[in-house]
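These notes are about the structure you will find just below.
The values are calculated or read from the model by the stated rules, or taken from the named source; none is laboratory data. The shown structure was predicted, so the numbers you read here are calculated from the model rather than taken from an experiment. Cβ placement follows ideal geometry from the backbone for every residue including glycine, while neighbour counts extend to all protein chains displayed. Side chains included, ligands, DNA and RNA excluded: accessible areas come from the protein's heavy atoms. Shrake-Rupley method; radii C 1.70, N 1.55, O 1.52, S 1.80 Å.
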Amino acid sequence: MAEPADDELSSRTGSPDGEGLVSEDRSLLHQRLAVRELVDTEASYLHVLQLCASDIRGRLQQLPQEDLDVLFSNIDDVIKVNSRLLRDLQDAASRGEEQVRLVGDVFLEFQEELEQVYKVYCASYEQALLLVENYQKDPELQRGIQRTIEAVLPQAGPSGLSFLLVNPLQRVTKYPLLLQKILENTLPDASAYPVLQRAASALQDVVTHINEYKRRKEVASRYTKVEQLSLRERLARINTHTLSKKTTRLSQLLKQEAGLVPKLEDKEFDDLEEKFHCVSLCVTELKSNVAAHLDALEVLLRFRPHESHLDIPGGPVAQYGDLARDLQLQAFPQFKQRLEGLVWQPLCSLAKALAGPQNLIRKRLDKLLDFERAEEKLSEVGSVTYEEEAARHTYQALNSLLVAELPQFNQLAVQWLRQILCTLVTLQGDLAKHVLQRAESSLAQLPHHHLSEPAFRDLVADTLDQAGHQLRSFQENFEKVLPPPTTRPLLPGAERQVQALLSRYGSGKLYQVTSNISGSGTLDLTLPRGHVVALLQNKDTKGNSSRWLVDTGGHRGYVPAGKLELYRVAPSEEDLRGQAKPHENSRQLTPEPTLAPVPSVPAVTQVVAVCPFAARSSHEVSLQAGQQVTVLEAQDKKGNPEWSLVEVNGQRGYVPSSFLARVPGPAPWGWSLPS
């Protein structure tokens with residue numbers, strides 16, 4: 001039995017007008033069939049996506065969650081967009097003669113959303129394929145995945161996971177073809193024709209943009225990886241090609257700095273880069289502060305005051321012990337655990353997320369120099385090599401990707417950082433609230449709880465003043481019975497060096513090393529304890545006041561300021577009596593501050609070994625701790641003051657100068673406390 005439409009078509013074929021009507025009707029029929037194909041295939045495609053997201057992904061329990069995130073990427077976002085797209089297409093297909101124009105309007109409306117979701121999925125497709133290849137190396141795992149897919153989606157066939165993953169890529173590239181098929185069966189003078197034409201062109205642009213985005217991501221993925229290479233591995237990568245590239249870049253950079261060639265300015269990227277570095281600096285500082293806070297908490301938790309036993313039964317001491325026990329065993333450990341989980345770990349993840357873009361920005365600078373060199377050559381010669389053309393495209397891809405994604409990344413990083421800071425503030429507030437609640441009952445039983453806060457402050461201040469007065473009185477009384485101040489011994493044979501420094505710089509510049517200094521830098525000095533130096537500058541070239549520039553009488557360099565002690569030159573006993581000859585003048589160095597005068601003791605000194613030393617060659621001599629020695633020369637034959645020539649028990653040899661010390665000898669009488 002013939003269809004009515006076919007009978008109507010056959011009845012019109014007898015005249016030219018009838019043939020035109022038949023051709024028009026056939027186009028209309030093919031047009032409707034194309035629309036129906038679009039809607040039906042969209043419904044089937046969406047059904048497969050929903051099965052992947054709900055059933056298959058949930059049943060692949062043998063795969064880790066990280067792999068599932070890569071395999072299915074943003075499939076949930078794709079399903080949301082395509083569900084609304086299918087609903088609107090079905091509504092447009094039910095509108096009769098207006099369906100074609102409405103279909104074009106639907107795709108124009110969804111153009112941006114389709115591009116956004118599909119470019120993310122397509123960009124992660126290559127990484128998903130690598131996982132599939134790894135699964136195929138494990139036959140048992142591959143069979144388990146295949147059984148899971150066939151149980152849910154039998155039409156997947158032996159391709160299995162690969163068939164599911166490629167579906168979105170095939171679908172987005174098919175949209176322009178389906179729209180073109182509808183367009184081919186639409187008369188050029190129809191009102192829907194320009195709408196369909198724009199829709200087909202828009203979807204073709206979507207596919208082009210997705211391919212370009214995918215290419216940029218592949219280029220960027222080669223540079224976002226942060227490799228931790230040793231010096232040996234870095235040197236192994238150096239060859240003539242890399243040296244040539246780095247030399248060319250350095251030459252281009254020097255030309256720009258000298259103003260010989262113009263520098264490419266990109267205000268938009270410069271602003272984005274500045275904001276990124278600002279966020280990165282904030283994350284680094286916050287991470288450092290939180291790490292210090294966690295270390296301080298660790299030290300606090302090791303301090304257990306509640307375990308100290310005081311001979312004060314009951315009362316406030318017992319109450320304080322209970323409070324301290326509760327804080328040390330519950331409040332502070334819980335706070336530390338929450339701080340690590342809610343602040344420290346997210347902060348470390350944020351810092352790790354910043355590493356990729358940071359490396360990409362550095363690589364962009366290298367590629368920018370290559371790009372500018374290629375552009376310069378192109379303008380001069382008119383052509384570039386294949387490698388230079390590839391460098392141009394690489395820079396354009398990196399720059400376009402950064403300009404497109406850095407704004408969103410900066411915004412997300414700032415939100416992430418703001419959330420971490422809010423969490424930190426909340427945790428601190430919760431800790432303070434918990435401590436106050438726990439201490440409220442104990443505070444009511446402590447002394448002076450009835451006082452107001454200002455009165456309690458005054459009470460504490462008065463108590464501290466009284467304690468300070470008692471401490472000062474004790475110090476004054478104790479200083480009255482102090483023994484004579486012991487001077488820090490000079491190195492044996494160092495008088496001549498001290499005299500030289502004194503005559504050159506004066507007494508106000510002399511300092512003595514309080515403990516052994518081991519220099520680690522190029523300009524740092526290595527000095528033994530007791531060595532006298534002259535201060536040249538009380539800071540280094542960077543303005544750091546903890547490193548001082550000094551003169552040892554033979555070398556100049558930097559030493560830690562904390563290991564120097566100021567000395568004041570005092571005249572010797574002979575100088576005071578005015579009996580010393582000019583060539584016999586000697587000066588004795590005494591440390592500040594000068595304490596209260598005490599009865600003088602005859603100055604008798606000797607050189608002794610402060611620790612044992614075992615000779616390692618015939619040029620050295622062994623020492624025992626406390627053994628008295630005679631210093632012949634305070635340096636070796638090369639003038640090195642770190643070794644001294646000594647005589648002990650009739651033997652001569654070299655020993656380390658730091659092993660010797662000049663100490664007061666036995667006095668004819670001992671010292672006694674003044675009355």
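In region 239-281, which residues have a backbone nitrogen under 19 Å from the label point lying 7 Å from Thr385's Cα in the Cα-to-Cβ direction? Under cut-off, by backbone N: 239-253.
With charges only on Cβ, +1 for K and R and -1 for D and E, what is the dipole size of region 88-224 about its Cα centre, in debye, rounded to 20? Could you put the intermediate results ahead of the total?
Working: 15 positive and 19 negative charges, 117 e Å.
Computed about the Cα centre, the dipole is about 560 debye.
Normalised by the number of residues in region 605-662, what is the relative contact order in percent for Cα pairs under 8 Å and 6+ residues apart? Computed over region 605-662, the figure is 37 percent. Note on region 23-224: dipole from Cβ charges, positive end direction compared against Tyr45, Gly104, Gln62; the farthest Cα belongs to Gln62.
Under a Cβ-Cβ cut-off of 14 Å, what is the net charge of the residues other than Glu257 that fall near it, where Lys and Arg count +1 and Asp and Glu count -1?
Details: positive: Arg249, Lys255, Lys263; negative: Glu372.
Overall, the nearby charge balance is +2.
In a simple Cβ point-charge model (Lys, Arg +1; Asp, Glu -1; nothing else charged), region 494-566 has a dipole of about 100 debye relative to its Cα centre. Summing charges over neighbours of Pro346, with a neighbour being any other residue whose Cβ is under 14 Å away from its Cβ, gives +3 when K and R count +1 and D and E count -1.
How high is the relative contact order of region 240-444? Use alpha-carbon pairs under 8 Å, at least six apart in sequence, and give a whole percent. Don't jump to the answer; show the numbers that get you there.
Numbers: 106 pairs, mean separation 65.0, N = 205.
It comes to 32 percent, rounded to a whole number.
To the nearest 0.05, what FRET efficiency results for Gln466 and Asp322 with a Förster distance of 35 Å applied to their C-beta separation? Kindly include the intermediate steps, with their values, before the conclusion.
Working: r = 29 Å, r/R0 = 0.83.
Computed FRET efficiency for Gln466 and Asp322: 0.75.
Listed cross-link partners Lys245/Lys275; Lys267/Lys542; Lys255/Lys352; Lys119/Lys287; Lys245/Lys377 are compared with a 26 Å cut-off, the Cα-Cα value being larger for Lys245/Lys275; Lys267/Lys542; Lys255/Lys352; Lys119/Lys287.
Scanning residues 5 or more positions from Arg547 or on other chains, those with amide H under 5 Å from its amide H are Asp540, Ala561, with H placed 1.01 Å from N in the peptide plane. Between the listed residues Ser94, Gly160, Leu114, the Cα displaced farthest toward the positive end of the dipole of region 50-167, a dipole computed from Cβ unit charges relative to the Cα centre, is found at Gly160. Counting only Cβ charges, +1 for Lys and Arg and -1 for Asp and Glu, the dipole size of region 320-443 around its Cα centre is about 580 debye. For region 23-224, the relative contact order comes to 31 percent (Cα pairs under 8 Å, sequence separation of at least 6).
Based on the alpha-carbon gyration tensor of region 23-224 and its eigenvalue square roots a ≥ b ≥ c, which shape applies: rounded if a/c is under 1.5, prolate if not and a/b is larger than b/c, or oblate?
Working: a/c = 2.69, a/b = 1.81, b/c = 1.49.
Prolate.
At the residue level, Asp91 shows approximately 80 square angstrom of accessible surface with a 1.4 angstrom probe and all protein chains present.
Can you tell which of Val343, Pro407, Ala390 lies farthest toward the positive end of the dipole of region 240-444, using +1 and -1 charges on the Cβ of basic and acidic side chains (Lys, Arg; Asp, Glu)? Checked the options; the winner is Val343.
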